[in-house]
Each structure stands twice: as structure tokens, then as C-alpha cells.
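Below is one structure, written out as C-alpha cells; the observations come after it.
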Amino acid sequence: MIGLAGINHKTSPIEIREQFSISKEEIIPFSELLQDDTGISDIVVLSTCNRTEIYFSQMKYDNVTASKLIYRTLKKFKGIENKYWHLFYNYGNSEAVRHLFEVSSGIDSMIIGEDQIIGQIKEAYQYCTDAALTDAVLMRLFQKSFEAGKRVRSETKIKMGTTSISSAAVQKCFQLYDSLNDKRVLMIGAGDTGRLVLQHLNKSGVKRITVSNRTEEKAKRLAERYRCAMLPFDQMGNHLFLYDIIIVATGSSVPLVTREMITDSQEKRENKPQVFVDISVPRNIEKNVEEMENIQLFTIDALQKTVDTNVEKRMHSVSSAREIIDEIVDEFSEWLSSRSLRPAIKMITEIMQKVSNEELLTYYKADTEEKQLAINEFSTHLTQKYTRLFIKNLKEITENGKNTESLQIINKLFNFVYEHEEIEE
């Protein structure tokens, strides 16, 4: 049985999620405690800023019981006393499979279609596999999840357009110019948004970047991380003319870039065009600069419209993505169901072979070697024929292992035959 116990951004705030977060270094100690407490040993732990999910494979408990036991062990491991079970979700078999496929496809992410999650899933799976925490079922499950994520991203438009303000700001710059190779960019602000802008610029191959911030130490750290230049904040106004693109993202309550600064910059640049992108709240570039010649100003409101449009387009791809996921869920479920037939098939084969061997003993006194060979060949043929017939009927009656009630009855029947034969011996 495949199961899942988890908590994510849809069910709980960050203050609670972070209590259940499991670092890479904690996975093995947690798995050891889980095995001691519950006997569940086959798991994959996926823990990110938006979710902590524990996927497991076991045959000892029903799904709800197993999930509750995992939740209790996790609370014990993390030293959590408050009750949070109502914020957890638990799924079994096809529901757990479908959930994982939706996560890997980016459907369940805070930003639909984002790519980061697939890398996080691969890393979690690889770590748990290397630590010998996964069985054949979990291995197959996660391999299929990678297939689902790849197909959804390649066969739908779920990745269409940017869905964050920081990436929208950079995308806007690329829309205005054929290339940014010869453009100089100034990033004013070294907070989370400024960092993301620098990350996008760096990833896009932009080389001539400078960062400026009130707290010089923060600007230095970002400049070192993204290999860009640093401009002291008190010199920012006098050096605006050097830059073709100025992006501002700070928490200042008053405008940091004024019309006067830009007028001075334009004079020094001999009226060469400049682009200003203000993604601060409240605005950090004076409103009246929009009227100036050779100046283009884009605010967070304009960029947010682009983001909202892209999010809407991605939402339209969700139904197509779910069709692909349903197909892969069915494939995996078929494999999992047929896997449950293996014990019964093995038992049928062993019993038929045993009966054949016992019956052959009475014919070993045949008067010629030729007759003995003929009897052996006929016996083997007959055994194989009826074994195939039994297995064919087994698959039909149990719907290839999906009808668990019929499978249980058949398992009991052959177990009874096998045990009865053992007693008779």
C-alpha cells in the first residue's frame, strides 16, 4: 500500500509548517525512529518551504492508521506538543500517486508551473534511495512522477510566461531591447525582491550589473554572490547617468529617485533614453517622471497585470495537465495491481509443479528410458498448460489484481491447498 501524510501551504501558515520541516540531516534519524515506533521503513521525505510530505510503502496498517502513526512519530521527533492533525492530509494508493504527480508537475505549487519543485523531488528521492529507505514500489512511483512532470511541462502551456514580479521586471527589459549585452543595469535595493531580480539578470546572462543599497554590507554580499559591481548609496543620484536601466525595489516610504535626479542624469547622458522599473511598495520613483522625454517608467501595477495574465493562461493548462496525469496514474496503478498477483502466481506455479513431481514418481518404473522421457515431456506440457490457464483465470477474476476481495479469497484458497499438502507430507 502506498500512502502519504503531509502538510503544505494550502493547509497551514508558515509558522506551523516550519515546525514540521525536516532537513536532509534529519531524514535518517527520523526514519530510524519511525521504524522503531511503527515498523514502517520504506519512505521518501519531501520537505520544502511550502510543504513537508512523507510518502511511504507498507502492508501492515490501513492508510489512515499509518498516516496517524507517522504524524505522531514526526511530532515526537520534532518535540511538538500542540495538536495539528487537522492541518495534515493523508492519501492512499491512487490518491497519493495522483497528488505526487500533481506536485511534480507544478500544479500543486504556490506558483503554478514553477520548475524548482521537480528538482527538489529528485533530490529527496535520490537521498532516500541512497540511504536504502525506498523499496521497488517507491522507486517506480517516483520515476513515474518525473515522467509526469516532464510530460506536463512539455505537452501543455503550464510554463507560459513569468509569474513573479521580479522575473516580470527582467522580462520587460528584454522586451524593450534586442539584447542587454551592451546595457548597464543598476539595481537599487538588496532585499528579497532585489536579490531575485539580480538572480534573474544573472541567469539571463546580463553582465554589466551594479547594485546599490542603504545598508552597504547587504549590497556587498549580493555583489559578491552575483559577481556584479557595487555603488555606494550616497553616490547613487550622481551616477544615474551611467545606467541604461534602473530597477528599484526597496521598502522606503519616500521616493528615492526624484525628477531632479533624472533631469540631471539626462543632461549628462545628452538625452539618451533610460528605462526605470519601480517594483517598490510604496513607489520609490517620483510619479511625474513619466512625462519626461526619453524616459520609460514601468510600475509594479503594470507588471502585475502581466503576471496576472500569465497566471490565468497557466490555469487554463491545468485541465490538460490533469488528463496527462490521469493517464500516468492509470499506468502506475495497473503495474501496482499486477504486482499484487505475484505471490498468487508464484504459489500456483509451485503447487502445480509439486503435484506434477509427485505424480511422476509413480511412473519412474516405466520399463524403457524412452517411455520415461515421453512421460516427463507430457507431464511438463500438461503442468505448464494448466498453470497458464490458472494464471489467466486469476487475472480475469481479480481484474489484474484490482479486485482485492477476489484476490484475498484466491490467496486463501491456494494457501490452504499448500498448507494441506505440507501437512499430508
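The values are calculated or read from the model by the stated rules, or taken from the named source; none is laboratory data. Remember, it's a predicted structure, so these values are computed and weren't measured experimentally. Glycine also receives a Cβ, built like all others from the backbone with ideal geometry; neighbour counts cover every protein chain displayed. The accessibility values were calculated without ligands, DNA or RNA, using every heavy atom of the protein model including side chains. Shrake-Rupley method; radii C 1.70, N 1.55, O 1.52, S 1.80 Å.
Only beta bridges with both residues in the chain are counted; by DSSP, about 45 percent of them are antiparallel. Pairing the Cα long axis of helix 63-78 with the longest principal axis of the chain, what angle in degrees results, from 0 to 90 and rounded to the nearest 10? Rounded to the nearest ten degrees, it is 50. Using the alpha-carbon positions of the range 1-122, Rg (one decimal) and Dmax (whole number) come out as 13.5, 38 Å.
Helix 116-130 and the longest principal axis of the C-alpha atoms of the chain enclose an angle of approximately 40°.
What does the helix-only formula give at 222 nm for the chain: each DSSP H stretch with n ≥ 4 adding -39500 (n - 2.57), the total divided by the residues, and the result rounded to the nearest 500 deg cm²/dmol? One gets -18000 deg cm²/dmol as the mean residue ellipticity at 222 nm.
If you stretched the chain out fully between ARG227 and SER154, how much longer would it get, using 0.36 nm times the residue separation minus the C-alpha to C-alpha distance? All intermediate terms of the calculation are to be shown ahead of the outcome.
On the way: separation 73, 0.36 × 73 = 26.28 nm, distance 3.28 nm.
Fully extending the segment from ARG227 to SER154 adds 23.0 nm.
Each of MET110, MET315, MET236 has its accessible area taken with a 1.4 Å probe; listed largest first, they run MET110, MET315, MET236.
Ranked by the mean number of other Cβ atoms within 10 Å of their residues, highest first, the peptides 171-178, 100-107 fall in the order 100-107, 171-178. Of interest is the spacing of the C-alpha centroids, which for the range 271-298 and the range 1-23 amounts to 42 Å. As a rough guide to protection, the peptides 59-67, 274-282, 204-212 ranked by mean Cβ packing within 10 Å, highest first, stand as 274-282, 204-212, 59-67. Using the Karplus relation 6.51 cos²θ - 1.76 cosθ + 1.60 with θ = phi - 60°, the per-residue 3J(HN,Hα) values for the range 149-163 come to x, 5, 5, 4, 6, 8, 9, 10, 9, 5, 9, 4, x, 8, 10 Hz, with x marking Gly and Pro. Axis angle, to the nearest 10 degrees, between helix 192-203 and the longest C-alpha principal axis of the chain: 80 degrees.
Given the pairs LYS24/LYS78; LYS68/LYS122; LYS159/LYS183, which span a C-alpha to C-alpha distance of over 18 angstrom in this model? Check vs 18 Å cut-off fails for LYS68/LYS122; LYS159/LYS183.
Near the amide H of LEU297, within less than 5 Å, lie the amide hydrogens of PHE276, all on another chain or at least 5 residues away, with H placed in the peptide plane. Backbone phi angles across the range 51-62, fed through the Karplus curve with coefficients 6.51, -1.76 and 1.60 (θ = phi - 60°), yield HN-Hα couplings of 6, 10, 10, 10, 8, 9, 10, 6, 10, 8, 10, 6 Hz in residue order; Gly and Pro are listed as x. Note on the range 247-293: the alpha carbon radius of gyration divided by the globular reference 2.2 N^0.38 Å gives 1.14. Computed with a 1.4 Å probe on the full set of protein chains, the accessible area for ARG72 sits at about 150 Å².
Ranking ILE245, VAL103, VAL307 by Cα position along the charge dipole of the chain, where only Lys, Arg, Asp and Glu carry charges on their C-beta atoms, puts ILE245 farthest toward the positive end. Sorting the segments 284-292, 192-200 by their mean number of nearby beta carbons within 10 angstrom, highest to lowest, gives 192-200, 284-292.
Per residue, the Cα convex hull of the chain amounts to 204 Å³. Please identify, among ASP326, ASP182, ASP36, the residue showing maximal mean-square fluctuation in a Gaussian network model of the chain using a 10 angstrom Cα cutoff. Result: ASP182 has the largest fluctuation of those listed. Spatially, the range 95-133 and the range 195-225 are offset by 30 Å when compared through their Cα centroids.
The fraction of accessible area contributed by carbon and sulfur in the chain is 50 percent, rounded to a whole number (1.4 Å probe; ligands and nucleic acids excluded).
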